[in-house]
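Visitor: I have a structure here, written as structure tokens, and I will follow up with some questions on it.
Taken together, the values in this text are just the output of simple stated rules run on the coordinates, not laboratory data. None of these values were measured; they are calculated from a predicted model. Here the Cβ positions follow ideal geometry from the backbone for every residue, glycine too, while neighbour counts run over all protein chains shown.
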Amino acid sequence: MADASAFSALPDDARLWIHAAAAPLDDATQSALLDRLSAFMDEWTSHQRPVEGTATILDDRFLVVAAAPVGGGDISGCGIDDLVHAIDDAASALSIDWVPSLDVLYRTADGEVAAVSRRTFQQRADDGAVTADTPVFDPSLTTLDALRNGEFETPARESWHAQLLSTPAGA
């Protein structure tokens, strides 16, 4: 639906949060999710300072939120907790399930996003369904700069996922 250009007004050091939906989100669900989060972000503060934040959906699966306090600085733990609660509340209201944080996210040969356990990913690598060239996703990115630099989706060989393959990293 949307793309990373939604973040063009934010600095490279803006904080980043990525949540992967367990199933593709249809357009109506994406719109409703982004509307709910936009309403939260209009009022979001950290240490009584407004936070400039925005969200988008990538590949119909990934909720990506980027934010920076107006005037610089960091977002407080309480401010982050507020965001987490807003995301959880919106997901609950819209019946969205998130992928467990330890699952591996990758792009299948037909271009779809898949989420599997690390063990299943290793089995698929052993079976040849996943290779060093398989695009994998890293939802642990913490800065907008990392997203802008293409670190979110990379070949497995260029990420920590290489350790789950039969071949070593850089091979």
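Visitor: Counting just the Cα atoms, what span does segment 4-93 cover along each of its three principal axes? Round to the nearest Å and put the largest first.
Guide: 36, 25, 18
Visitor: Taking the Cα centre as origin and putting +1 on Lys and Arg beta-carbons and -1 on Asp and Glu beta-carbons, what dipole magnitude results for segment 4-93, to the nearest 20 debye?
Guide: For this selection, approximately 120 debye.
Visitor: Helix 27-43 versus the longest principal axis of the chain: what is the Cα-based angle in degrees, 0 to 90, to the nearest 10?
Guide: That helix lies at roughly 40 degrees to the long axis.
Visitor: Here's something else I'd like to know. What is the distance in Å between the Cα centroid of segment 71-113 and that of segment 17-31?
Guide: Segment 71-113 and segment 17-31 have Cα centres separated by 10 Å.
Visitor: A follow-up question, please. What number, rounded to the nearest 500 deg cm²/dmol, is the helix-based mean residue ellipticity at 222 nm of the chain, given -39500 (n - 2.57) per DSSP H run of at least four residues and division by all its residues?
Guide: Roughly -8500 deg cm²/dmol at 222 nm, from the helical runs in the chain.
Visitor: Still on this model: Using the crude model of +1 on Lys and Arg Cβ and -1 on Asp and Glu Cβ, and no other charge, please compute the dipole size for the chain relative to its Cα centre, in debye to 20.
Guide: With only Lys, Arg, Asp and Glu charged at Cβ, the dipole is about 400 debye.
Visitor: Which FRET efficiency, nearest 0.05, do residue 138 and residue 48 yield, Cβ-Cβ r, R0 30 Å?
Guide: With R0 = 30 Å, the Cβ-Cβ based efficiency is 0.35.
Visitor: Out of all DSSP beta bridges with both ends in segment 4-93, state the antiparallel percent to the nearest 5.
Guide: Approximately 100 percent, going by the DSSP bridge assignments.
Visitor: Could you compute the FRET efficiency for residue 110 and residue 89, with r as their C-beta to C-beta distance and R0 at 35 Å, rounded to 0.05?
Guide: 0.55
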